[in-house]
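Let me give you the structure first, and then I'll get to my questions.
Just so it is clear, none of the values below were taken in a lab; they were calculated from the coordinates. On a predicted model such as this, the values are computed, not experimentally measured, just so you know. Neighbour counts run over all protein chains shown; Cβ positions are idealised from the backbone, glycine included.
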Amino acid sequence: MTRFLFWLIVLPLAVLMALFGVANSQNIQLDLDPLPIVLTLPLYATVLGAVFIGLLVGGVTTWLGQGRWRRQARMLNRRVRQLERESSASRRAPPVLTNARGGRDAAQGGG
């Protein structure tokens with residue numbers, strides 16, 4: 001099912017990108033203004049390159065912005081593991097019964 005959904009999305013996108021590339025194959029000059037660099041590229045490569053760079057910058061920005069939440073999740077996971085260890089250790093240890101005065105019951109040899 002997952003493979004079907006993958007191809008249902010990827011195949012039309014690949015066809016659209018191929019059609020976009022064929023329709024926009026004329027060359028343009030890309031002038032990187034402050035630098036003395038002028039590139040001659042097909043229009044489709046320029047547009048798709050700009051989309052790719054935008055996706056990359058957006059993804060990195062989102063990843064950096066979520067760092068606080070990932071750190072909090074790691075801390076909470078460590079705390080859960082610690083509490084689970086304490087819980088399992090307390091289940092293995094025999095219970096200690098105390099009387100109302102805070103001492104041990106006579107049944108446990110306390111007095």
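Just need a number here: residues in segment 59-77 that are assigned to a helix (DSSP H, G or I), among the polar types (S, T, N, Q) and surrounded by 10 or more Cβ atoms within 10 Å (Cβ to Cβ).
Within segment 59-77, residues that are assigned to a helix (DSSP H, G or I), among the polar types (S, T, N, Q) and surrounded by 10 or more Cβ atoms within 10 Å (Cβ to Cβ) number 3.
Follow-up. Which of the following residues is surrounded by 10 or more Cβ atoms within 10 Å (Cβ to Cβ), part of a helix (DSSP H, G or I), without any contact (Cβ under 8 Å) to a residue 12 or more places away in the chain and hydrophobic (A, V, I, L, M, F, W, C): 47, 80?
The conditions single out 80.
Based on this model, can you work out whether residue 56 counts as out of contact with any Phe, Trp or Tyr (no Cβ under 8 Å at 6 or more places or on another chain), assigned to a helix (DSSP H, G or I), hydrophobic (A, V, I, L, M, F, W, C) and closer than 30 Å to residue 27 by Cβ?
Yes, satisfied.
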